[in-house]
Every structure is written in C-alpha cells, then in structure tokens.
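Okay, so here's the structure we're looking at.
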Amino acid sequence: MSFPLLISAAELAALRGSGQPLMVFDCTFDLAKPEAGHAAFLERHIPGAVFADLDTALSAKHGTPGAGGMLVAGESDTPASGGRHPLPNREKFATWLSSVGFSNGMQAVVYDRNNANFCGRLWWMLKWCGHDAVAVLDGGLAAWQAAGGDTAAGEEPAHFQANFELGEPLRELVGTEAVLKNLGRVGQTLVDARAAPRFRGEVEPLDPVAGHIPGALNRPFGENLGTDGRFKPAHQLRGEFDALLGGRDVATVVHHCGSGVSAVPNLLAMELAGLGPTRLYAGSWSEWCSDPARPVARG
C-alpha cells in the first residue's frame, strides 16, 4: 500500500509492522534557533527516523539559480531557486537521499513538531524528484505519541548507502521570471502562506522589505489545521479554498511564502481537498524582494 498525501499515526504503526520498505524522516526545525531542531530530535523521535535538517539537507548554499530554475550544466551545486532557503537542485538532493539510505522502492513518511511546516518541504521535494510514495504524518510527533507510539532518544545508526534515481517531476517548480512575466494575468493566481500582518507589510521579521507580491491572495498555512494539529476534513478545506479563489481556475494557482517552506501546507491542503496538484514558487517573497525593481504591494 502506498501513501501519497497523509498518513495517520495508526496507519504508520501498521506500516512499520508490515515489513514494507519504509523510511521515516524527522524535519523538526526552528527558524529563530536552527540548532534546536536536531536537539529536539536527540531528545525524542520516532525510532529509526532520519533527521532532515532544513538548512543543510533541504536547502542549498546561497547562490544564483540556473535559468528557469534548472541546473546549469557543469555546476553541480547550482541551486534550483533563490531566496532564504534555496532549493538544492534535484541531483544534489538525490545524492543526499542516497547517502541516508533512501531508495526508490521505499515509502517515505515525514513529520515535524511544527504543524507540518517543515516536513512539507521534504514531501514536496520528493514529489519533485519523481517519488510519489511520500506522506505527511497527520498531527506530527504529538499525534504519534498520543496514539501510544514509541519513541527513541539519541542518534540513530547510519544506514547503508542507497541509489536513489531521479524520475520525472510530479510537482511543478516556478521561477521568479515566470511569476514576474505572468503578474496580473488571468493565467496566474498567487497564494501567499505568510501570516496576515507580514502579508500586509505591517511587520517583517525576516526579510529586508515588507509587503507582498501585487495581486497575491493570502492564506496563512496554519489555517489548514484544526485545533488538534491535524489537517481539516477535505470538504472543509475545499470550501475554504473555493472561497479564497473566488472562481479563479485552480490550474493557475502558484503557492509561495517567505522562503518556499510554509507554502507547502497550502499546496498539500488543496490536494487533500481534491484541488490540484498546483505549483510552487520556491524562491518566494525573500527572492522576489531581493531586487528593488520588482513591484511591492502593501495592505
């Protein structure tokens, strides 16, 4: 059985006991204190989990992305996007997956302690690399523990090297040039996942410029979750996104946020609602506002 979107704690427990090839990833992170994610992992995690650090495993070193977000020939470290958390190119990411023992025949399960914010990044990246069998643990580590799931502490033994082979992308990455070219056109609907005060430009704790891309709609990513930390039911998500889009074509949606991370829960929620897949502008506001020639809206 393959899980391509969400997996419950009970389903994960059954999967772990089934003998099906599986790798669990802990993506816990703290933007204000980057080392806190690994510290939390060492304190408690699902047994056998691999720690996937946002800064070192799921982001590239800062640099200039290749044209159209593609790898520049001969430049193996060229990131696939700009912004505060540049996407590593697919080849670089595949090398990391292989190094931790992940192979194409495995089911991936990703979780965090951050309302699916950071583990969503890994979910999307695996889809982008052609791997469909990846699911977010609904409710994260808290849901696992509430269901009686066991935990471990300390480092996990290293896995043997694997050979993860890239496939055709299952999700679409959009670059800054494409967003700028289609700005204001009916063929592009931008959805910004940042908190409303940041979207309106009232505060900006992370980037040098406050505001948002002109014409963007605002859907803070936390609105996809209920009070229990799990994703809302599909019918509720469908109603909320229908209201947000106001009749706009779902196929035109491009998600973004501050650095391409917290946008993913919106993308995942739309798929849970039967709307999608949609596209991701990974460079997001941090890449957009890096050039003063690009327009900025406030309010």
Enumeration of residues in the stretch 156-209 that are assigned to a loop (DSSP other than H, G, I, E, B), among the charged types (D, E, K, R), assigned by TED's automatic domain parsing to the domain that holds Cys257 and buried (at least 16 other Cβ atoms within 10 Å of the Cβ): Arg194, Glu204, Asp207
Residue count, the stretch 140-152 (criterion: in a loop (DSSP other than H, G, I, E, B) and either among the charged types (D, E, K, R) or surrounded by 11 or more Cβ atoms within 10 Å (Cβ to Cβ) (or both)): 4
Any hit, the stretch 269-281, residues being touching a Gly at 6+ places or on another chain (Cβ under 7 Å) and surrounded by fewer than 24 Cβ atoms within 10 Å (Cβ to Cβ): no
Qualifying residues in the stretch 210-231 (those that are surrounded by fewer than 18 Cβ atoms within 10 Å (Cβ to Cβ) and over 18 Å from the mean Cα position of the chain (by Cα)) - the one nearest to Trp288 (Cα to Cα): Pro214
Within the stretch 34-49, tally of residues that are more than 20 Å from the chain's Cα centre (by Cα) and free of Cβ contacts under 8 Å to residues at least 40 places away in the same chain: 1
Residues (surrounded by 18 or more Cβ atoms within 10 Å (Cβ to Cβ) and part of a helix (DSSP H, G or I)) located in the stretch 240-265: Phe241, Leu245, Val264, Pro265
Answer residue from the stretch 96-112, given it is more than 14 Å from the chain's Cα centre (by Cα) and not hydrophobic (A, V, I, L, M, F, W, C) and is surrounded by the most Cβ atoms within 10 Å (Cβ to Cβ) among those: Gln107
Given (1) within 23 Å of Val174 (Cβ to Cβ); (2) surrounded by fewer than 24 Cβ atoms within 10 Å (Cβ to Cβ); (3) modelled with pLDDT under 95, number of the condition Phe93 does not satisfy: (3)
One residue from Leu275, Leu237, Leu268 being in a loop (DSSP other than H, G, I, E, B), among the aliphatic types (A, V, I, L, M), touching a residue at least 12 places away in the same chain (Cβ under 8 Å) and not assigned by TED's automatic domain parsing to the domain that holds Gly139: Leu275
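The values are calculated or read from the model by the stated rules, or taken from the named source; none is laboratory data. What you see is a predicted model, and the numbers here were worked out from it, not measured in a lab. Neighbour counts run over all protein chains shown; Cβ positions are idealised from the backbone, glycine included.
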